[in-house]
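The values are calculated or read from the model by the stated rules, or taken from the named source; none is laboratory data. Computed from a predicted model, the values in this text were never measured in an experiment. Glycine also receives a Cβ, built like all others from the backbone with ideal geometry; neighbour counts cover every protein chain displayed. Side chains included, ligands, DNA and RNA excluded: accessible areas come from the protein's heavy atoms. Shrake-Rupley method; radii C 1.70, N 1.55, O 1.52, S 1.80 Å.
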Amino acid sequence: MSEQQARFNRRHLLTSSALFGAGMLSGCKRSETCPPAQLAADDTKLRATMHYTDRSPDPAKLCNGCQQYLPNTDADCGGCKLLKGPIHPAGYCIAFSAKS
Ligand code: SF4
């Protein structure tokens, strides 16, 4: 291995490690799902009826882009004016209504 190849490999290793570390850190900033809530049976049923999910199937329709979303700056998950319990900013339900 030439000195130039060795230098490139060291630089590539350092860059890859830095990018990998940054990705791991950014991935830790937000939970993938909201913590389970203790809800009344009717509220749990409404979430299911509205097909609420912590992961929207459509990137253009996320809870944090919905008129009903209530952000919570102290936690990963916010709330919703229609559904009780924690609402993930990247979530979705069939009542989605884009903010104007
Ligand atoms: Fe999310 Fe549905 Fe509430 Fe809108 S109405 S914030 S899409 S759960």
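Going by accessible surface with a 1.4 Å probe and the largest first, Ile94, Ile87 read Ile94, Ile87. Working note: Debye formula, equal point scatterers on the alpha-carbon atoms of segment 48-91, no solvent; log10 I(q)/I(0) at q = 0.15, 0.24 Å⁻¹ is -0.30, -0.79. Model label sites at Ser97 and Leu39, defined 7 Å from Cα along the beta-carbon direction, differ in position by 1.9 nm.
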